Amino acid sequence: MNLFADSLADLPAPLAHRMRPVKLDDFKGQEHLLAQGKPLRALIESDRVGSLIFWGPQGCGKTTLAYIISRYTKSRFEILSAVSAGVKELRQVVNIAKVKLNINQQKTILLIDELHRFSKVQQDAILPYVEEGIINLIGATTENPIFEVISALRSRCRIYQLKALSSEDIRGIIKQALADKKHGLADDNISLDTDALENIVVYANGDARAALNALEVAANLVKSNSTESKMIDRKLTEEVLQQVSLLYDKAGDEHYDHASAYQKSMRGSDPDAAIYWLGKMIACGEDPRFIARRLMVTAAEDVGNADPRALILAAAAAGAAEKLGWPEARIPLSQATLYVACAPKSNSTIRAIDEALCDIQKQGKSYPVPLHLKSIPFNAHIKYKNPHYDPPGAANQTYLPTELLDRKYYVAENIEFETRTKKTTR
């Protein structure tokens with residue numbers, strides 16, 4: 001069924017738009033959220049939704065679900081794209097929302113598509129309107145909100161993770177489009193053989209929009225064919241799907257699985273594998289900042305003081321990538337990836353800090369600062385000995401709490417630079 005069918009009936013809208021469902025029962029996928037008895041469905045049907053953040057991969061139904069919620073709750077619906085809109089556009093929406101709320105007691109649902117692309121300042125600007133109830137925000141994002149949405153905004157929204165559609169969901173959507181007379185392709189007598197159907201399902205990789213777009217292109221080619229047959233076969237779909245869809249879900253498990261493979265390849269000193277996973281993330285349109293964060297973490301965690309230059313180069317590559325953007329950002333990221341992969345490895349840095357944190361947080365070994373190390377001495381007879389001016393005294397001075405004098409957190413590896421640190425540590 002078409003979304004707002006009457007107003008769009010005469011428009012040449014794309015098939016993917018025409019086939020948007022308007023009822024929860026027609027919505028494909030997300031049974032973990034929308035099946036009968038599930039909390040989100042109950043909130044929608046009782047008009048107690050509030051502000052939400054939908055986190056999920058492309059084509060899983062985030063925008064469509066927001067539309068459906070607006071219809072169930074009889075709210076005004078506004079949409080802004082974080083790619084093109086800013087604080088000015090947000091305030092225009094809010095001003096109208098205030099009028100509608102005061103005069104008609106009508107709520108406004110504001111969908112901000114690609115919420116993760118809003119800066120911290122822009123996200124801060126949304127807060128008061130959400131908090132005062134002037135708007136109910138629905139943020140749609142393909143990125144993990146924990147990393148991309150400010151905590152103050154997250155705390156005011158319920159966060160729901162949407163999953164990529166299953167192969168069966170995609171098959172159902174395609175068959176529905178072929179059978180729908182009003183908004184689909186039924187009047188064109190388009191048919192699809194089994195192999196062609198499976199080609200589109202595999203290509204879509206859980207993305208309903210990709211599946212319907214591919215079906216529409218294939219249908220247009222068939223209709224333009226001079227022959228009477230309107231069968232979409234395997235050969236035609238192969239021509240349509242010239243670029244194989246890479247198995248990569250930027251917001252789900254594949255997103256983190258690829259990043260994990262990238263880091264573990266560098267940790268395992270395999271530059272070829274590290275470059276391959278870097279290349280796949282780049283080819284799939286990964287955010288260079290996400291890649292750069294993983295690169296810097298690996299340089300500090302797995303190379304550490306075995307070669308301190310690794311972190312310096314990784315940080316420089318992150319800065320360069322931020323300034324350059326794609327496609328040039330691939331060059332400094334590649335340079336730093338190869339360096340980190342080939343560098344000697346030591347995890348003494350992370351072991352040291354994690355053991356100290358474990359002692360403090362889990363073992364309860366939290367002791368006060370020794371008197372001679374306090375910023376303001378309480379006893380004139382207890383003095384701090386500055387090692388720059390009293391090297392012999394420094395040898396007899398302790399820095400740990402008395403209870404931890406035998407504790408050793410940093411164990412330097414016998415690798416290049418770290419061998420030098422052994423000579424200067426206690």
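The values are calculated or read from the model by the stated rules, or taken from the named source; none is laboratory data. Since we're looking at a predicted model, the values are computed, not measured. With ideal geometry, Cβ positions are generated from the backbone for all residues, glycine too; neighbour counts draw on all protein chains shown.
Quick one: which of I331, I312 is closer than 18 Å to Y276 by Cα, assigned by TED's automatic domain parsing to the domain that holds K264 and without any contact (Cβ under 8 Å) to a residue 40 or more places away in the chain?
On the way: I312 fails: closer than 18 Å to Y276 by Cα.
Only one candidate passes the filter, namely I331.
Residues L137, L162, L197: which one is free of Cβ contacts under 8 Å to residues at least 40 places away in the same chain and either hydrophobic (A, V, I, L, M, F, W, C) or in contact with a Cys (Cβ under 7 Å, 6 or more places away or on another chain) (or both)? Explain how you work it out, then say what you get.
Numbers: L137 fails: free of Cβ contacts under 8 Å to residues at least 40 places away in the same chain; L162 fails: free of Cβ contacts under 8 Å to residues at least 40 places away in the same chain.
None of the others qualify; the one that does is L197.
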Selection from region 97-145 of residues that are closer than 20 Å to G285 by Cα, among the aliphatic types (A, V, I, L, M) and in a helix (DSSP H, G or I): L115
Of all residues making up region 262-285, the number that are buried (at least 17 other Cβ atoms within 10 Å of the Cβ) and either aliphatic (A, V, I, L, M) or more than 13 Å from T337 (Cβ to Cβ) (or both): 6
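For region 104-117: of the residues being under 24 Å from S151 (Cβ atoms) and of a type in the set (V, I, T), which is surrounded by the fewest Cβ atoms within 10 Å (Cβ to Cβ)? Give the steps one after another, and end with the answer.
Restricting attention to region 104-117, the residues satisfying the condition of being under 24 Å from S151 (Cβ atoms) are 109-117.
After this cut, where a residue has to be of a type in the set (V, I, T) as well, the list is 109, 112.
Working: I109: 23, I112: 27.
Ranking the candidates gives I109 first.
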Condition met for A177 (modelled with pLDDT of 90 or more, closer than 23 Å to F27 by Cβ and part of a helix (DSSP H, G or I)): yes
Qualifying residue in region 223-245 (condition: modelled with pLDDT under 85 and within 30 Å of V297 (Cα to Cα)): yes
Any hit, region 83-103, residues being in contact (Cβ under 8 Å) with a residue 60 or more places away in the chain and surrounded by 16 or more Cβ atoms within 10 Å (Cβ to Cβ): no
Subset of region 18-33 [farther than 17 Å from R171 by Cα, under 26 Å from the mean Cα position of the chain (by Cα) and of a type outside the set (A, V, I, L, M, F, W, C)]: H32
Residue count, region 120-169 (criterion: of a type in the set (A, V, I, L, M), surrounded by fewer than 22 Cβ atoms within 10 Å (Cβ to Cβ) and more than 20 Å from the chain's Cα centre (by Cα)): 4
Any hit, region 121-132, residues being at pLDDT 90 or above, aliphatic (A, V, I, L, M) and closer than 25 Å to A211 by Cα: no
Helices (runs of 4 or more DSSP H) (entirely within region 1-75) containing at least 2 residues that are at pLDDT below 90 and surrounded by 14 or more Cβ atoms within 10 Å (Cβ to Cβ): 15-18, 62-72
Qualifying residue in region 345-363 (condition: within 20 Å of Y276 (Cβ to Cβ) and crowded, with 17+ Cβ neighbours inside 10 Å): yes
